[in-house]
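Trainee: Provided herewith is a single structure, encoded as structure tokens, for subsequent inquiry.
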Amino acid sequence: PRWRSPSTRGPAPAPSSRTPAWSPDGMKIVFNSYRDGQSEVYVMNADGSGQTRLTFSPDYDGEPVWSPDGSQIVFRMAASWDNTHILYLINADGTALRPLTSFDDSFTDMSWSPDGERIAFMSDFEIWVGFADGRGSRRVVEDRGQFTALSWSPDGEWLAYANYGRKDSGAEIH
């Protein structure tokens, strides 16, 4: 196979762009970019054309992740007025922006369940699972260390993750 990137086939996002993620059908890429002075969420065609800004916030919007069916995108917003971090959901066309949950601490590594009904995310020493329809969230793991690499099992019943910091020799896989 030959590896290619959108920048080799068409216009590429600005150099200040980050966290690209392919849509499930491979037709689009979502990413965040500082091109307008703030980190905002954008979507573009896989060939680099049709770049469209989805968010218009004075705060940080980033780490976008597609839903399994490609109809929605979850991302993190970090409020500049305090230390609140809000998990937002937006339709892939930029409509229906809605908050799902908020925390006083940052969270990362959002991961959709295979059925698209739940979203797992990490906040400091915790892993949370929330419902994509906004019905709430609950903590499922609380432990020392630093979590990374959240991954759902194919049947959506389990979460795997790495925990750095509990042992001197590297990460434990759970």
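Trainee: Does region 45-174 come out rounded, prolate or oblate by the C-alpha gyration tensor, with a ≥ b ≥ c the root eigenvalues, rounded set by a/c under 1.5 and, if not, prolate when a/b is larger than b/c and oblate if not?
Mentor: Values: a/c = 1.75, a/b = 1.44, b/c = 1.22.
Prolate is the answer for region 45-174, as a/c is 1.5 or above and a/b outweighs b/c.
Trainee: Can you work out the PRE-style zone for T52? Point 7 Å along Cα to Cβ, and I want the residues of region 67-88 with backbone N under 16 Å.
Mentor: 67, 70-74
Trainee: Does region 41-118 come out rounded, prolate or oblate by the C-alpha gyration tensor, with a ≥ b ≥ c the root eigenvalues, rounded set by a/c under 1.5 and, if not, prolate when a/b is larger than b/c and oblate if not?
Mentor: Details: a/c = 2.09, a/b = 1.29, b/c = 1.62.
Oblate, since a/c reaches 1.5 and b/c is not below a/b.
Trainee: Please report, as a whole percent, how much of the solvent-accessible surface of region 24-174 comes from carbon and sulfur atoms (probe radius 1.4 Å).
Mentor: Working: 3690 of 7530 Å².
Its accessible area is 49 percent carbon and sulfur atoms.
Trainee: Calculate, for region 20-122, the solvent-accessible area per residue in square angstrom, rolling a 1.4 angstrom probe over the heavy atoms of the protein chains.
Mentor: Heavy-atom SASA per residue in region 20-122 reads 42 Å².
Trainee: Can you bin region 113-168 into rounded, prolate or oblate? Criterion: square roots of the alpha carbon gyration tensor eigenvalues sorted a ≥ b ≥ c, rounded for a/c under 1.5, prolate for a/b above b/c, oblate for the rest. Mind showing how you got there, number by number?
Mentor: On the way: a/c = 3.17, a/b = 1.66, b/c = 1.91.
Oblate is the answer for region 113-168, as a/c is 1.5 or above yet b/c matches or exceeds a/b.
The values are calculated or read from the model by the stated rules, or taken from the named source; none is laboratory data. Everything quoted here is computed from the prediction, not taken from an experiment. Reconstructed Cβ throughout: ideal geometry from the backbone, glycine too, with neighbour counts over all protein chains shown. Keep in mind that these areas ignore ligands, DNA and RNA; they rest on the heavy atoms of the full protein, side chains included. Shrake-Rupley method; radii C 1.70, N 1.55, O 1.52, S 1.80 Å.
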